[in-house]
């Protein structure tokens with residue numbers, strides 16, 4: 001609304017100056033050339049500013065109207081202040097918005113409609129305003145589909161809620177209730193920032209990141225074989241790209257997975273590889289891997305831990 005007021009003010013000034021110039025020329029008023037030149041110069045500058053503003057507004061509106069947004073949240077949250085106002089505000093701003101809880105009617109082929117909506121989506125807004133998100137199989141299905149289809153995900157955390165582990169590497173937006181204009185601007189800015197960041201990453205790095213997230217999601221759901229497959233695929237791409245940090249992260253995650261399965265020798269081996277790379281790179285993730293080794297030592301005892309460590313070093 002404020003922007004429109006500024007635009008109207010600009011237009012009024014331009015019209016006023018244009019009218020003055022017209023009268024000067026029409027009545028052939030004898031004025032000093034420097035005054036006339038100044039008036040014409042100011043008018044031209046203002047016209048230029050108005051044109052730039054109009055073009056920018058048009059380009060932004062065109063971008064917004066072509067952007068498809070998928071809102072994901074736990075069942076029942078569609079009635080919450082944030083989800084309800086976010087959905088309606090995005091709609092009124094001409095975004096193409098889909099929310100399964102609001103757009104899938106009784107009798108519709110729910111999963112098919114969700115898959116079709118995700119296929120067309122540019123970004124998923126993953127609204128987490130309840131710890132019930134851990135128990136919702138439906139929301140994980142939506143997130144898994146989004147990751148598989150390489151849809152960009154913007155987690156929106158409402159209040160003091162735990163961020164799921166597989167989203168730790170994602171851009172996360174923390175907001176507070178109630179939903180207001182400032183909150184909406186933050187969400188729009190984060191959407192644009194995420195789209196710009198993802199464009200710079202490149203396709204192969206994006207695929208590796210998606211596979212890593214799928215592995216973390218599968219691991220959190222207890223699907224260990226599936227998780228290992230995704231981590232190993234992500235690891236191969238990281239090696240191809242020469243992404244040493246990506247390689248270390250994959251080995252670190254494989255180590256944590258092996259630990260959860262009770263495969264301690266494998267867990268120690270993978271974790272040591274990750275730890276060595278992180279140390280060489282100087283990244284803080286090495287603390288996580290040291291913590292994993294410490295947990296293993298505590299679980300199996302110092303003697304058995306030392307024996308396994310000797311076996312790995314001997315190999």
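Taken together, the values in this text are just the output of simple stated rules run on the coordinates, not laboratory data. Remember, predicted model here, so these are calculated numbers, not experimental data. Heads up, the Cβs are rebuilt from the backbone with ideal geometry, glycines too, and the neighbour counts pull from every protein chain shown.
So here's what we get for this one:
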quantity	calculated
Förster radius 41 Å - calculated FRET efficiency between residue 184 and residue 245 (Cβ-Cβ, nearest 0.05)	0.75
Highest to lowest packing among 228-234, 307-313, 269-275, scored as the average C-beta count within 10 Å	269-275, 228-234, 307-313
